[in-house]
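Presented below is the structure to which this report refers.
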Amino acid sequence: MLERREMILKILDEDGKAKVSDLAKRFQCSEVTICTDIRELEKEGLLERIRGGAQKKTQNQQKFGYDAISLDTNVAAKQKIAACAYKVIENQDTIILDDSSTSFYLALQIRKHPQKRMAVVTNSLLAASELSGLAHVELYLVGGNVKGSMPATIGKKVTDNIMNFHADKAFVGVHGISFEKGLTCIVDSQMQIKKAIIETTKYVYVLADSSKFGCGYFWVVCPITDIYEIITDNEVTRENIDKAEKYKIPLVIA
């Protein structure tokens, strides 16, 4: 099912639109099944339903002018990781979401499931746009200078403001995970924000698909031992599972 839905998103990415009847023939299933897929993908904010089919999601891109490449990469893995991460959130928790793509997918999970009430602090405009106006979410968007292909607030104001919060749990993405060097990212501004999040939060969960293991970037966020848990997908290698055990880092496979 997840593979079929991922393929539907790829078709829309390439063609812009698709008819239910054509998708049913392509995947050799009923039109009812395709309609269910489209309805669920729309709930996740990944496409838009149109009469007789679906089209590529464009609303956020038009609203914010961002390049959605990061959101379109390893979609199925990120959705599984986000669904797994949602399970560790408890009712009445205060959580922090960073501006990573996987945290955005976690925001979609929070939007989809109103049974848990929570306070959410984020610097991500994309996550905030999904969570604003929800009765079960008390939302705090941390102010600052807006930059990035996936728009978010950055700068010293953001890091200072984050330090004024105390969160039960934080969910952060990284560009690379090295068990020897630590968590790494591409730019200094992101590093500073992630450092502030880690410093003010009791339990820090790293949301990272398996492609992030072994990658190293210039800016080191923190040693691997500073985090509580890594949530990844089932493509993670045996070598990295063994390293997690060696460094006593809980590794949850979604």
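The values are calculated or read from the model by the stated rules, or taken from the named source; none is laboratory data. Owing to the predicted nature of the structure, the values given are computational and were not obtained by experimental measurement. Using ideal geometry, Cβ is built from the backbone for each residue, glycine included, and neighbour counts are taken over all protein chains shown.
Worth a mention:
- Pair list, Cβ < 9 Å and 6+ apart or interchain, from the stretch 16-27 residues that are without any contact (Cβ under 8 Å) to a residue 40 or more places away in the chain and closer than 11 Å to residue 54 by Cα to residues that are surrounded by fewer than 16 Cβ atoms within 10 Å (Cβ to Cβ) and of a type in the set (S, T, N, Q): 17/55; 18/55
- Some residue of the stretch 148-160 being more than 19 Å from the chain's Cα centre (by Cα), crowded, with 20+ Cβ neighbours inside 10 Å, at pLDDT below 95 and among the aliphatic types (A, V, I, L, M): yes
- The residues listed here are 93, 99, 188; of these, the one that is buried (at least 24 other Cβ atoms within 10 Å of the Cβ), farther than 28 Å from residue 242 by Cβ and touching a strand residue (DSSP E or B) at 6+ places or on another chain (Cβ under 8 Å) is 99.
- On the stretch given as the stretch 175-213, residues that are aliphatic (A, V, I, L, M) and touching a Cys at 6+ places or on another chain (Cβ under 6 Å) total 3.
- Subset of the stretch 162-185 that is part of a loop (DSSP other than H, G, I, E, B) and in contact (Cβ under 8 Å) with a residue 60 or more places away in the chain - its residue that is surrounded by the fewest Cβ atoms within 10 Å (Cβ to Cβ): 166
- Look at (1) out of contact with any Ser or Thr (no Cβ under 8 Å at 6 or more places or on another chain); (2) more than 26 Å from residue 111 (Cα to Cα); (3) not charged (D, E, K, R) and you find that residue 24 fails only one, number (1).
- Hey, residue 234 surrounded by fewer than 21 Cβ atoms within 10 Å (Cβ to Cβ) and over 25 Å from residue 80 (Cα atoms) or not: no
- Residues that are part of a strand (DSSP E or B) and surrounded by fewer than 16 Cβ atoms within 10 Å (Cβ to Cβ) occur in the stretch 193-208; there is at least one.
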